[in-house]
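Scroll down for the structure; my scribbles are underneath it.
Just so it is clear, none of the values below were taken in a lab; they were calculated from the coordinates. What you see is a predicted model, and the numbers here were worked out from it, not measured in a lab. Glycine also receives a Cβ, built like all others from the backbone with ideal geometry; neighbour counts cover every protein chain displayed.
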Amino acid sequence: MQEESVQPQPAENPPSQSALEGELAEARAKLAEQREQMLRAVAEADNARKRAQTEAANAQKYALERFANGLLPVLDSLEAAVRSADLSGVELVLRQVVTALDKANIREINPAPGERFDPYRHQAMAAVESPPGAPGEMRPEPNTVVSVMQKGYSLADRVLRPALVTVAKAVEKPAGNPISDTDLD
């Protein structure tokens, strides 16, 4: 058996330095483009994950909204019955309903007289001139709650039903002479 020695044969046309640099630049550009595409895909997947988490959290947070809206008229009726008669059984049911609503994170919106009117939590049903207070007291400020006609309710941070309120308005001055500030009577 004879051994033949294999010798590398010189390339007929070795690539020039500039051709190799061009190929290298092309490969680097392609690598940079693919890296950018990969980073975009990772960012898009991360955004989709965050969006899905937010939607799932909101779905869980507000899952009881329809239930709560259906239960509010029952609560109103029970409160009216308790005010009109001495029924200890109705009071017990009312306490149970209020406890159930509290467990479901449903909170009462019941502004105190004099509290600032909040259009996001209150609905003005009437505007009355600020009634005079007791002697020595000032009139309530305009745009404050005078009385509550019906309590409102919220679920977490979302208003299910705004409180129906009467709001104080500024006292209107009687019409006088439009030309003069003094009355001509």
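Taking 0.36 nm per residue of separation and subtracting the current Cα-Cα distance, fully stretching the chain between Glu91 and Asn143 would add 15.3 nm.
Once the Cα-Cα distance is subtracted from the 0.36 nm per residue extended length, the Val74 to Glu23 segment shows a gain of 10.5 nm. Spin-label model, Ala48 to Gln150: label points 7 Å out along the Cα-to-beta-carbon direction sit 4.5 nm apart.
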